[in-house]
1. Which residues, taken from the range 158-190, are touching a helix residue (DSSP H, G or I) at 6+ places or on another chain (Cβ under 8 Å), open to solvent by 40 Å² or more (accessible area, probe 1.4 Å) and either hydroxyl-bearing (Ser, Thr, Tyr) or assigned to a loop (DSSP other than H, G, I, E, B) (or both)?
2. Return yes or no: is Thr99 more than 30 Å from Leu161 (Cβ to Cβ), over 16 Å from the mean Cα position of the chain (by Cα) and of a type in the set (Val, Ile, Thr)?
3. Anything in the range 70-85 that is open to solvent by less than 20 Å² (accessible area, probe 1.4 Å) and either in contact with a Ser or Thr (Cβ under 7 Å, 6 or more places away or on another chain) or in contact (Cβ under 8 Å) with a residue 60 or more places away in the chain (or both)? List them, or say none.
4. Just need a number here: residues in the range 1-22 that are assigned to a strand (DSSP E or B) and either under 30 Å from Gln186 (Cα atoms) or among the acidic types (Asp, Glu) (or both).
5. Do we have Val220 as touching a Phe, Trp or Tyr at 6+ places or on another chain (Cβ under 7 Å), in a helix (DSSP H, G or I), over 27 Å from Asp27 (Cα atoms) and of a type in the set (A, V, I, L, M) here?
6. Could you list, in sequence order, the residues of the range 49-67 that are farther than 18 Å from Ala80 by Cα, touching a residue at least 12 places away in the same chain (Cβ under 8 Å) and either among the hydroxyl-bearing types (Ser, Thr, Tyr) or open to solvent by 40 Å² or more (accessible area, probe 1.4 Å) (or both)?
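The values are calculated or read from the model by the stated rules, or taken from the named source; none is laboratory data. Computed from a predicted model, the values in this text were never measured in an experiment. We place every Cβ from the backbone using ideal geometry, glycine too, and count neighbours over all the protein chains shown. For accessibility, only protein heavy atoms count, side chains too; no ligands or nucleic acids. Shrake-Rupley method; radii C 1.70, N 1.55, O 1.52, S 1.80 Å.
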Amino acid sequence: MKEKTRRRRLIPCAAYDVEAMESWLGDQAAEGWFLEEEGIVGPWACFVSGPPRRTAYRLTSSLSAPELIGPDEEARDLSAAYGWKYLAKRKEFYIYRATGEHWGEMDTDPRTQALILRAVRRRTIGTVITLLVMGLGYPLFLLAKDGQLGLLVRYPWYWMLPFAFVVWFLTCALAGSRHYHRLARQLEEGRPLDHRKPWQPQARRHLACALISVLLTGMVAVQVVLVLVFTTPF
């Protein structure tokens, strides 16, 4: 039987939980599975097999570069000089892996790390504001302007699912903002990040949250299609 050389796994860590993500990737490497280049696809991580070994991973902010593009060549060369290789991007973070047994930390100043995390938090707060305005405020404004707020009571099935969708992702964004704030305070107090943080206690909860996100997104998409089909004149 041919030995499996690749596998794909659901990521059991929230995108904002930097410490848990680093720890989980390190545990996979200890079992002989190493994150592929560009191996993050939505909620999935793609791995290739190799000799098991302890390997360090680090996540750094991607705010200084365009959303869908990795770090530039200068940043990659600088990371390589410290013994790190860029692999993939997940939300607001780049993922690097140590290339040997001897490497230097990419981020050595806790206060700088705290400032970066606070910048990430500000972006997350921007997402929260956008969800509030575009997902809740603007639709209510349009209904009030047209004098049709009564439709919310008469046809609850039209708005309950989209409302649940917005509230759910708003809750997720607020959880991320709170986590970044806690990490920033930890660093400002001189306590470094825990790169070996146990990720198992939160794994089931995160996977359940990911499933809810997928289900809500799919249900809203189906609802939009149905509304377009049954309200479009032929």
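1. Residues satisfying the conditions are Tyr158, Gly190.
2. On the way: more than 30 Å from Leu161 (Cβ to Cβ): yes; over 16 Å from the mean Cα position of the chain (by Cα): yes; of a type in the set (Val, Ile, Thr): yes.
So Thr99 passes the test.
3. Filtering the range 70-85 down to residues open to solvent by less than 20 Å² (accessible area, probe 1.4 Å) leaves 70-71, 79, 83-84.
Of everything in the range 70-85, those that are open to solvent by less than 20 Å² (accessible area, probe 1.4 Å) and either in contact with a Ser or Thr (Cβ under 7 Å, 6 or more places away or on another chain) or in contact (Cβ under 8 Å) with a residue 60 or more places away in the chain (or both) turn out to be Gly83, Trp84.
4. From the range 1-22, those assigned to a strand (DSSP E or B) are 6-10; that's our starting set.
Still in the list and also either under 30 Å from Gln186 (Cα atoms) or among the acidic types (Asp, Glu) (or both): 10.
Total satisfying the criteria: 1.
5. On the way: touching a Phe, Trp or Tyr at 6+ places or on another chain (Cβ under 7 Å): yes; in a helix (DSSP H, G or I): yes; over 27 Å from Asp27 (Cα atoms): yes; of a type in the set (A, V, I, L, M): yes.
Considered against the rule, which asks whether it is touching a Phe, Trp or Tyr at 6+ places or on another chain (Cβ under 7 Å), in a helix (DSSP H, G or I), over 27 Å from Asp27 (Cα atoms) and of a type in the set (A, V, I, L, M), Val220 comes out as yes.
6. Ser49, Pro51, Pro52, Arg53, Arg54, Leu63, listed by residue number.
Here is a yes/no grid of residues against (1) free of Cβ contacts under 8 Å to residues at least 60 places away in the same chain; (2) over 30 Å from Glu105 (Cβ atoms):
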site: Pro201; (1), (2): yes, no
site: His206; (1), (2): no, no
site: Leu215; (1), (2): yes, yes
site: Met219; (1), (2): yes, yes
